[in-house]
1. In region 65-88, whose amide N lies under 17 Å from the spot 7 Å out along Cα-to-Cβ of residue 12? List them in ranges.
2. Can you work out the Karplus-derived ³J(HN,Hα) for every residue in region 14-29? Use 6.51 cos²θ - 1.76 cosθ + 1.60 with θ = phi - 60°, whole Hz, and x for glycine or proline.
3. Please give, to one decimal in nm, the separation of the simple spin-label points placed at residue 37 and residue 81, each 7 Å out from Cα toward the Cβ.
4. State, to one decimal in nm, how far the label point of residue 64 lies from the label point of residue 47, with both points 7 Å from Cα in the Cβ direction.
5. Taking all protein chains together and a probe of 1.4 Å, list 10, 81 from the most accessible to the least accessible.
6. If DNA, RNA and ligands are ignored and the probe is 1.4 Å, what is the ranking of 85, 12 by accessible area, most exposed first?
7. Pull up all non-local amide H partners of residue 34: gap of 5 or more, or a different chain, and H-to-H distance under 5 Å with H placed in the peptide plane.
8. What ranking of 73, 49 comes out by heavy-atom accessible area, probe 1.4 Å, highest first?
Amino acid sequence: MGNKHSGRGHLSERCRALAEEIFKEIDIDGSLTIDMEETAKWWDRNFAIVNSRAMFENVDRDRNGTIEFNEWIDFWTMVKHQGYSDDEIYEELTNLKNRGSWVQFIGTQVHAKAKD
């Protein structure tokens with residue numbers, strides 16, 4: 001599915017644009033953050049709660065219950081850093097845009113930061 005090491009580290013413009021488009025669709029209230037309620041509404045009947053939880057487990061780095069735009073883009077950039085090709089990322093973003101299920105990318109699991 002493409003050369004996993006070409007252009008490693010930088011999210012292509014087409015992937016970034018599609019990721020941004022999806023974020024804006026999910027962000028119903030235009031707050032530049034996504035919450036669990038918005039994602040559940042967006043997924044509607046395609047295992048909305050399951051997909052929402054999986055997405056938040058992967059993307060919500062600070063575990064504050066919202067995904068900020070920068071967290072969203074940083075996540076997709078991290079996927080690229082893990083060696084996934086632009087074609088693979090674009091394919092998954094397209095699947096997501098069509099309300100497909102959330103995919104767990106190997107090496108992208110986010111762990112909550114330890115609190116003092």
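1. Zone members listed by number: 76-88.
2. Result, rounded to whole Hz: 5, 5, 4, 4, 5, 4, 5, 4, 5, 4, 5, 5, 6, 6, 4, 8.
3. Here the answer is 3.3 nm between the modelled labels.
4. Taking the two extended label points, one gets 3.0 nm.
5. Working: 10 145, 81 95 Å².
Putting 10, 81 in descending order of accessible area: 10, 81.
6. Working: 85 5, 12 25 Å².
From most exposed to least exposed: 12, 85.
7. Hits under the 5 Å cutoff: 67, 68.
8. Descending order: 49, 73.
The values are calculated or read from the model by the stated rules, or taken from the named source; none is laboratory data. For clarity, every value in this text was computed on a predicted model and none was experimentally measured. Note: ideal-geometry Cβ built from the backbone for every residue, glycine included; neighbour counts use all protein chains shown. Surface areas here come from the heavy atoms of the whole protein model, side chains and all, with no ligands, DNA or RNA. Shrake-Rupley method; radii C 1.70, N 1.55, O 1.52, S 1.80 Å.
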